[in-house]
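Every number in this text was worked out from the coordinates using simple rules, so none of it is lab data. The structure presented is a predicted model; accordingly, all values stated were derived computationally and were not measured. Here the Cβ positions follow ideal geometry from the backbone for every residue, glycine too, while neighbour counts run over all protein chains shown.
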Amino acid sequence: MKHQTAAGALFCALAIPTLAQAECGTVSIAEMNWSSASVVTQVEKFLLEQGYGCTVSVVPSDTVPAVTSIAENGRPDTVSEMWINSTGEVYARLKAEGKVVELGEVLSPGGVEGWWIPSYLAEAHPELTTIEGILANPDLVGGTFNNCPDGWGCRIVNDNLIPAFGLQEAGLRIFNHGSGETLASSMASAYENRQPWFGYYWAPTAVLGKYDMVAVDMGDYDAAAHAANQNPANPDPKPSAFPAAPVLTVVTADFAEREPDAAAFLAKVSFDVDVMSSVVAWMDENSASGEEAAVHFLTTYPDLWSAWLNDAARERLAALLSQ
């Protein structure tokens with residue numbers, strides 16, 4: 001009952017004007033077009049409005065348009081889920097010129113990429129938890145590697161890792177999926193039918209939040225090899241594990257100076273990647289919006305988000321939830 005009351009208060013707060021005393025001006029947040037970014041944006045919007053008294057506008061965007069807009073217009077004020085390895089030269093220039101400030105890791109330990117097998121397969125055959133074990137026993141993983149769709153960055157890396165590790169020479173068929181939906185559904189179908197599955201995936205995602213998958217040990221991360229493997233014309237692919245992708249909260253330098261309290265809050269916002277996967281899995285299972293998923297997170301993990309707030313904001317939120 002207490003949980004339902006808190007959820008009701010949060011739903012109401014999302015739909016009514018800011019209750020906190022106005023101490024903050026306007027804040028524009030770029031909301032990227034994927035589930036975890038929507039959750040981050042809506043959580044930050046609620047806490048900035050009700051805890052800090054900000055007037056928040058949400059700007060639908062994506063990585064490249066958001067970076068371009070900051071370069072040309074100095075807005076939005078913040079991009080709350082910036083995958084740094086996808087930002088390109090414009091972002092590097094903005095950072096070098098001091099026009100953006102990286103506040104902290106919004107996903108910890110970052111975006112996770114790798115090759116995976118189901119946990120029940122790992123329990124039955126522990127040798128499959130290493131790439132060497134899979135190469136020695138291709139039939140145990142179904143004889144297939146599930147690859148990324150064409151046009152994805154991971155497809156280029158995987159297409160270099162496949163010969164680097166010798167997957168086809170070991171007898172593995174490479175299945176190049178036509179879309180992200182078929183890649184996800186192949187894992188889901190295999191898991192629900194307790195069948196073998198081996199392939200690429202990443203987190204935070206609803207699929208890895210719903211299904212217990214085990215990352216295959218691909219050996220050490222080799223920075224030079226990984227960088228070279230991002231080149232589709234790499235003449236000499238070499239093995240490397242995937243590094244954790246840094247996923248940061250980025251704000252304009254102007255915003256950091258103009259709204260120091262809000263910037264200090266955003267610097268503390270950090271979601272464990274497994275927690276975020278569980279939230280987006282709930283979002284998917286319930287066909288929920290970003291706002292509804294934000295309420296689910298806020299009511300499920302109050303100890304986590306309350307630690308992000310300063311004392312004044314924490315008191316305001318406590319007063320709101322006690323109503």
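Within the shell of other residues whose beta carbon sits under 14 angstrom from the beta carbon of V67, the net charge comes to -3, with Lys and Arg scored +1 and Asp and Glu -1.
When trypsin sites (Lys or Arg not before Pro) are flagged only if DSSP places them in a loop and at most 15 other Cβ atoms lie within 10 Å, the longest unflagged stretch of the chain comes out as 195-323. Sites listed here are GluC sites (Glu not before Pro) in the range 141-231 whose DSSP assignment is loop and whose Cβ has at most 11 other Cβ atoms within 10 Å: E169. Across A66, A203, A227, mean-square fluctuation computed from a Gaussian network of the chain (C-alpha pairs under 10 Å connected) peaks at A227. If you take the Cα centroid of the range 215-264 and the Cα centroid of the range 293-323, the two points sit 31 Å apart. Can you bin the range 112-228 into rounded, prolate or oblate? Criterion: square roots of the alpha carbon gyration tensor eigenvalues sorted a ≥ b ≥ c, rounded for a/c under 1.5, prolate for a/b above b/c, oblate for the rest. Because its axes are fairly even, with a/c under 1.5, the range 112-228 counts as rounded. For the range 194-289, chymotrypsin sites (Phe, Trp or Tyr not before Pro) meeting the loop criterion (DSSP other than H, G, I, E, B) and having at most 16 other Cβ atoms within 10 Å: Y221. Helical content alone sets the calculated 222 nm signal of the chain at -14000 deg cm²/dmol, taking -39,500 (n - 2.57) per DSSP H segment of four or more residues and averaging over every residue.
Here the simple spin-label model places points 7 Å from the Cα toward Cβ, and for R173 and V90 these points are separated by 4.2 nm. Per-residue extension of 0.36 nm, minus the Cα-Cα distance of A318 and T182, leaves a gain of 44.6 nm for this segment. Among the GluC sites (Glu not before Pro) within the range 34-107, those in coil by DSSP and having at most 13 neighbouring Cβ atoms inside 10 Å are E97. Taking Lys and Arg as +1 and Asp and Glu as -1, the other residues whose beta-carbon sits under 12 Å from that of Y221 total -3.
With a cut-off of 12 Å between beta carbons, the residues surrounding T78 carry a summed charge of -4, where Lys and Arg count +1 and Asp and Glu -1.
Shape class of the range 209-323 from the alpha-carbon gyration tensor: oblate, with a/c at 1.5 or above and b/c at least as large as a/b. A straight chain from V64 to D150 at 0.36 nm per residue would run longer than the Cα-Cα distance by 29.0 nm.
Look at where the Cα atoms of the range 108-127 and of the range 155-170 average out, and the two centres are 18 Å apart. Lysine pairs in the chain whose alpha-carbon atoms fall under 23 angstrom of each other, counting only those eight or more residues apart or on distinct chains, come to 4. With the largest listed first and rounded to whole Å, the semi-axes of the equivalent ellipsoid of the chain from the Cα gyration tensor are 39, 24, 14.
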